[in-house]
1. Being without any contact (Cβ under 8 Å) to a residue 40 or more places away in the chain and more than 19 Å from Val133 (Cβ to Cβ) is the filter here, so list the residues in the stretch 21-57 that pass it.
2. Filter the stretch 31-47 for residues that are open to solvent by less than 40 Å² (accessible area, probe 1.4 Å) and either closer than 16 Å to Gly71 by Cα or not in a strand (DSSP E or B) (or both) and give the result.
3. Of the residues Glu137, Glu69, Glu114, only one is within 29 Å of Ala7 (Cα to Cα) and at pLDDT below 95; which?
4. Just the residues that are assigned to a strand (DSSP E or B) and within 14 Å of Gly25 (Cβ to Cβ), please, taken from the stretch 49-75.
5. Can you name the residue in the stretch 97-121 that is of a type in the set (Asp, Glu) and within 21 Å of Glu19 (Cα to Cα) and, of all such residues, is surrounded by the fewest Cβ atoms within 10 Å (Cβ to Cβ)?
Amino acid sequence: MKHFFEALASGGKHNDLPEEFDYFGKLIGSWKIDYVDNRDLSVMKGEWHFSWILGGMAVQDVIVLPGFEYGTTLRVYNPGTHAWDIAYCYTGKIMRFEARKQGDRIVLTNVEDERRKWVFAEIQDNYFHWQDVMADEDGRWQVYFDLYAERI
């Protein structure tokens, strides 16, 4: 197992990944999170851990929301499109996204349903804000979940 983790993990970003496309580098590390369901304003507490992997050309995370969800996301930089190809996996489900910058935000668009987006609305050194949004029948964007994170 030790060899697997050594082969997977990377000490940092690869030099071939251009700085302007290093969308997720500020997320590297561990975070405590509040996951807010905007339909009933319930809050789940958890952790989110990010690491460089695959020679520094990808970022993987593990999100832990006890009693609700335990998942992992693989984000791989695609030099052909200058976007990030993304797969989020948890028991029984894999969701695919493509990430691009839109102003100061990182917008992950669901490959199977462009009405569904995940948005890193703000990323600071010790804080970030993430949203799960979807267009309703009238085309208006609704924020279903907000996630607020503080670096551990």
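1. Step one: of the stretch 21-57, the residues without any contact (Cβ under 8 Å) to a residue 40 or more places away in the chain are 22, 25, 28, 40-46, 49-50.
Those that are without any contact (Cβ under 8 Å) to a residue 40 or more places away in the chain and more than 19 Å from Val133 (Cβ to Cβ): Asp22, Gly25, Ile28, Lys45, Gly46, His49, Phe50.
2. Of everything in the stretch 31-47, those that are open to solvent by less than 40 Å² (accessible area, probe 1.4 Å) and either closer than 16 Å to Gly71 by Cα or not in a strand (DSSP E or B) (or both) turn out to be Trp31, Ile33, Tyr35, Gly46.
3. Details: Glu137 fails: within 29 Å of Ala7 (Cα to Cα); Glu114 fails: within 29 Å of Ala7 (Cα to Cα).
Testing whether each residue is within 29 Å of Ala7 (Cα to Cα) and at pLDDT below 95 leaves just Glu69.
4. Quick first cut of the stretch 49-75, residues assigned to a strand (DSSP E or B) only: 49-53, 58-65, 69-75.
Of everything in the stretch 49-75, those that are assigned to a strand (DSSP E or B) and within 14 Å of Gly25 (Cβ to Cβ) turn out to be Phe50, Ser51, Trp52, Ile53, Ala58, Val59, Gln60, Asp61, Arg75.
5. Residue satisfying both the conditions and the ranking: Asp104.
Listed here are the residues, each with its yes/no results for (1) modelled with pLDDT under 95; (2) farther than 27 Å from Gln142 by Cα; (3) loosely packed, with under 13 Cβ neighbours inside 10 Å.
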position: Ala7; (1), (2), (3): yes, yes, yes
position: Pro18; (1), (2), (3): no, yes, yes
position: His49; (1), (2), (3): no, no, no
position: Ile53; (1), (2), (3): no, yes, no
position: Gly56; (1), (2), (3): no, yes, no
position: Asp61; (1), (2), (3): no, no, no
position: Thr73; (1), (2), (3): no, no, no
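The values are calculated or read from the model by the stated rules, or taken from the named source; none is laboratory data. If you're wondering where the values come from, they're calculated on a predicted model, not measured in any experiment. Counting neighbours? That spans all protein chains shown, and the Cβs are built from the backbone with ideal geometry, glycine included. Just so you know, the surface numbers come from the protein's heavy atoms only, side chains and all, with ligands and any DNA or RNA stripped out. Shrake-Rupley method; radii C 1.70, N 1.55, O 1.52, S 1.80 Å.
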